[in-house]
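Here is the structure we will look at.
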Amino acid sequence: MSAPQPLPDGGPLTRTPLRVLRDHGSVDLAGAERAVSDLLRALGRDPGSPHLAETPRRVAAAYAELLTAPPFDLTTFPNDEGYNELVLASDIPVQSLCEHHLLPFSGRATIGYLPGDRILGLSKLVRVLDLFARDLQVQERLTQQVADWLQENLEPRGVGVVIEAEHQCMSLRGVRARGSRTTTSALHGLLREDARSRQEFFALTGRGGR
Ligand code: ZN
């Protein structure tokens, strides 16, 4: 984390340049287009047919978009009010690509933290999730990465992340378990160690029974 820099009005803030965290934008669009043409051919389809003429370009662009997170500036603020209760963002839409099948999984996430010395804009919780979701993922790792990143960069007293998602590789193929949802969670600090904090977090996420 970089040293605190002065705000225009003189207050302290911390900026963490995210480009050091993840290097997206490495998609070779022309190469991806050629590969999609090859894939169509291997699947017994004719990429030269008028119906499929634009498909390789569209597929390459779609994957590039799904795998590239827009850059953002993470700015944290001093917790001047001494707020020490849970900050929780729930029902955040999440979509990612399963690394096993390159098929989407999508659902909802809840991200909460117990502030320490610094707090974070709520929209930034959504951005952190998006940053890791725009990748080839498994849901367990995505959940853990968001929790780890917040723990390392915000240094709160506790962090909790819950993701509930439906995987198209399960609903469209294989066992065809349409509608089945997978829930994963990752906890750090007090949300992991302190039973009362953990209960409060899961109660607020609507999973009080855990
Ligand atoms: Zn899969």
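From the backbone phi of the stretch 30-37, what are the Karplus-calculated ³J(HN,Hα) couplings (6.51 cos²θ - 1.76 cosθ + 1.60, θ = phi - 60°) in whole Hz, Gly and Pro given as x?
Along the stretch 30-37, the couplings run 5, x, 5, 4, 4, 5, 5, 4 Hz.
Using only the Cα atoms, work out Rg/Rh for the stretch 72-204, with Rh taken as the Kirkwood radius, to two decimals. Could the numbers behind the result be given before it?
Numbers: Rg = 15.4 Å, Rh = 15.2 Å.
Here the Rg-to-Rh quotient is 1.01.
Which whole-percent values make up P(r) of the stretch 122-185 when all C-alpha to C-alpha distances are grouped in 10 Å steps starting at zero?
Result returned by the calculation: 21, 45, 24, 9, 1.
Taking amide H atoms as placed 1.01 Å from N in the peptide plane, list the residues 5 or more away in sequence, or in a different chain, whose amide H sits under 5 Å from that of Val94.
Amide H to amide H, under 5 Å and 5 or more residues apart or across chains, Val94 pairs with Gly107, Arg108, Ala109.
Just need the Rg to Rh number for the stretch 65-121, please, alpha carbons only, Kirkwood Rh.
Details: Rg = 15.6 Å, Rh = 14.0 Å.
A ratio of 1.11.
Among Phe202, Ser26, Gly174, whose Cα sits farthest toward the positive end of the charge dipole of the chain (+1 at Cβ of Lys/Arg, -1 at Cβ of Asp/Glu, about the Cα centre)?
The listed residue farthest towards the positive side: Gly174.
Can you compute 3J(HN,Hα) from phi for each residue in the stretch 66-82, using the Karplus curve 6.51 cos²θ - 1.76 cosθ + 1.60 with θ = phi - 60°, rounded to whole Hz and x for Gly and Pro?
5, 10, 10, 8, x, x, 8, 9, 8, 10, 9, 10, x, 7, 5, 7, x
So how exposed is Phe72, as accessible area in Å² (1.4 Å probe, rounded to 10)?
The value for Phe72 is about 20 Å².
Express the relative contact order of the stretch 72-204 as a whole percentage, based on alpha carbon pairs under 8 Å and six or more residues apart in sequence. Mind dumping the intermediate values first?
Working: 254 pairs, mean separation 32.7, N = 133.
It rounds to 25 percent for the stretch 72-204.
The values are calculated or read from the model by the stated rules, or taken from the named source; none is laboratory data. This structure is a prediction, so every number in the text was calculated from the model and none was measured. Every residue, glycine as well, gets a Cβ built from its backbone with ideal geometry; the counts of neighbours run over all protein chains shown. Accessible surface is based on the protein model in full, side chains and every heavy atom, while ligands, DNA and RNA are left aside. Shrake-Rupley method; radii C 1.70, N 1.55, O 1.52, S 1.80 Å.
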